[in-house]
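Here's the structure we're looking at; comments come further down.
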Amino acid sequence: MANYIVLDTETTNGFDDPLVYDCGWSVINDKGETLVTRSFVNADIFLDEPDLMKEAFFADKIPMYIAEIADKKRVLAHFSTIHFAFYKDCKNFEVEGIAAHNAKFDYKACQCTQRYLTKSKYRWFFPYGVPILDTLKMSKQTFAKDKDYIDFCKAHDFMINGRPRLTAEIIYKYITGNIDFEESHTGLEDTEIEKVIFWECLKMNSDIECRLWA
């Protein structure tokens, strides 16, 4: 039985050098079942970099994070602790791939954060040899070519430059039929929709190229 991790991050500090303040993941098996979930708030950024947090993409959610940390719905931890927990899950569950929607960004964010906080003493967040999988790349091979999805995007004004948009939120709206769905833009919660996209893409094309870097 193959296991995978679906990862999502929320960041600050722009797109060029993103720094993670929220990191969530779900460990799933090849039956689509969720084995375990993790939700961490990175104290090294969230608490120690208040000026950076003011510039976070979803800074308006800061009071929500504070309340959910107090209610123990999210774990406040140093990034080194988050990294250890991630590495441990990859090892204990014998993870065969780490997936994210637009995985290039999440990969970059985790690497940038690791290097920023350790002054490049430790440079790599992801375990060596575990493939990085990209559900956005998978969606380009499936949903972007699917007539029903294209018609859906045309009907709801989800087109750009004559092509269907492939955000996780829009794809999930299509899969579920829930046009009112809004993405949470919080780490763990967004993995819940991204894992659905992951499996839908595999069902549409069993020979799909999943790896970010083939």
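A few notes on this one:
- Of everything in region 4-52 that is part of a loop (DSSP other than H, G, I, E, B) and small (Gly, Ala, Ser), the residue that is farthest from Thr191 (Cα to Cα) is Gly14.
- Hey, Asp44 without any contact (Cβ under 8 Å) to a residue 12 or more places away in the chain and either among the acidic types (Asp, Glu) or buried (at least 19 other Cβ atoms within 10 Å of the Cβ) (or both) or not: no
- When Ala155 is tested against (1) free of Cβ contacts under 8 Å to residues at least 60 places away in the same chain; (2) hydrophobic (A, V, I, L, M, F, W, C); (3) closer than 21 Å to Ile208 by Cα, exactly one condition is not met: (3).
- So Lys73, is it surrounded by 15 or more Cβ atoms within 10 Å (Cβ to Cβ) and either assigned to a loop (DSSP other than H, G, I, E, B) or of a type in the set (Lys, Arg) (or both): no
- Any hit, region 123-131, residues being closer than 30 Å to Val75 by Cα, more than 14 Å from the chain's Cα centre (by Cα), surrounded by 15 or more Cβ atoms within 10 Å (Cβ to Cβ) and among the aliphatic types (A, V, I, L, M): yes
- Residue match in region 191-201 (condition: more than 22 Å from Phe58 (Cβ to Cβ), loosely packed, with under 15 Cβ neighbours inside 10 Å and either in contact with a Ser or Thr (Cβ under 7 Å, 6 or more places away or on another chain) or free of Cβ contacts under 8 Å to residues at least 60 places away in the same chain (or both)): no
- Residue check, Lys173 farther than 22 Å from Thr37 by Cα and either surrounded by 20 or more Cβ atoms within 10 Å (Cβ to Cβ) or modelled with pLDDT under 95 (or both): yes
- Tally of residues being small (Gly, Ala, Ser) and modelled with pLDDT of 95 or more across region 176-214: 3
- Residue in region 55-62 that is touching a residue at least 60 places away in the same chain (Cβ under 8 Å) and either under 14 Å from Leu117 (Cβ atoms) or in a helix (DSSP H, G or I) (or both) present: yes
The values are calculated or read from the model by the stated rules, or taken from the named source; none is laboratory data. Model, not experiment: these values are computed from the prediction. Cβ sites come from the backbone with ideal geometry, for glycine too, and all protein chains shown count toward neighbours.
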